[in-house]
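K.L.:
Here it is, the structure, as structure tokens.
The values are calculated or read from the model by the stated rules, or taken from the named source; none is laboratory data. Worth saying up front: this structure is predicted, and the values here are computed from it rather than measured. Cβ sites come from the backbone with ideal geometry, for glycine too, and all protein chains shown count toward neighbours.
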Amino acid sequence: MMPPDDRPNYRLNIQGEYKITTVANTVSCDTLSDKELIRLLVTGRQDAFTEIYNRYWERLFAIAYNLTRDQVQAEEITQEVFISLWDRKEEIQIDTLNGYLATAIKFSVFKHIGRQRRRLQIVRDNYARWSVDEEEEKIYARFLKEYVEGIVEQLPEKCRLVFEYSRRDGLTIPEISEKMNISPKTAEAHLTKALKTIRLNLKQSAPMLLLLLYNQ
């Protein structure tokens, strides 16, 4: 983790929005692609981090607010995600910045909910320890479910429909082929492609998921 003095400085403006004050740089980052910003971020470029922050803050805050319905908590969680991004910039592997940050903010919300429930459990002392662990497992399961659903949403339409009919509705390959007016072989091919895509994404994202799990 970088020393506090090496982090970008955060301040709250009069509109209640968090902004970042960084050292000015002669190269403008506002026209760079996400991949270019990631490459500069890894080298410690604060102006690249500032652009990522300004580009994604509102949408991450919206996700956090929709899940918490609490403006203060949503702002704090959003800030935590960006601070974590800066602190781990040299160790994380990011393929898609938008996907990484969306996953990070959702998981941070779930972790926040878990911490709140833990504190409530300690104060009330009404539940056994196993019930807290069970609740935390439910939070992780919900996060993983949403993460997989996000992958499924990116699948080609027919591929996605076959997967949903199979896994969500419990239809067989013959039933799916009849419902979609395609051959059983085609339906099976779509399902195989969907499963391979999900497995590949989970495998590639495993280091990121572990970092989010154990470092929030």
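K.L.:
Within the range 88-100, identify whether any single residue is over 24 Å from Leu202 (Cα atoms) and in a helix (DSSP H, G or I), and answer yes or no. Walk me through how you get there before you give the answer.
P.N.:
First, pick out the residues of the range 88-100 that are over 24 Å from Leu202 (Cα atoms): none.
No, every residue in the range 88-100 fails to be over 24 Å from Leu202 (Cα atoms) and in a helix (DSSP H, G or I).
K.L.:
Now for a separate question. Under 9 Å between Cβ atoms, at least 6 apart or on separate chains: pull out the pairs that start in the range 192-203 with a residue that is on the phi < 0 side of the Ramachandran plot and end on any residue that is aliphatic (A, V, I, L, M) and not in a helix (DSSP H, G or I).
P.N.:
Pairs that qualify, where the first residue is on the phi < 0 side of the Ramachandran plot and the partner is aliphatic (A, V, I, L, M) and not in a helix (DSSP H, G or I), are Lys193/Leu155; Ala194/Leu155; Thr197/Leu155; Ile198/Leu155.
K.L.:
Pick from Leu101, Leu171: which is aliphatic (A, V, I, L, M), outside the structural domain of Trp57 (by TED's automatic domain parsing) and either modelled with pLDDT under 75 or touching a helix residue (DSSP H, G or I) at 6+ places or on another chain (Cβ under 7 Å) (or both)?
P.N.:
Leu171
K.L.:
Between Thr50, Thr22, which is under 28 Å from Val72 (Cα atoms), modelled with pLDDT of 90 or more and either assigned by TED's automatic domain parsing to the domain that holds Ile77 or touching a helix residue (DSSP H, G or I) at 6+ places or on another chain (Cβ under 8 Å) (or both)?
P.N.:
Thr50
K.L.:
Of the residues Ile94, Ile83, only one is closer than 28 Å to Glu149 by Cα and either at pLDDT 90 or above or loosely packed, with under 12 Cβ neighbours inside 10 Å (or both); which? Even if it seems obvious, please write down each step before you answer.
P.N.:
Details: Ile94 fails: either at pLDDT 90 or above or loosely packed, with under 12 Cβ neighbours inside 10 Å (or both).
The unique qualifying residue is Ile83.
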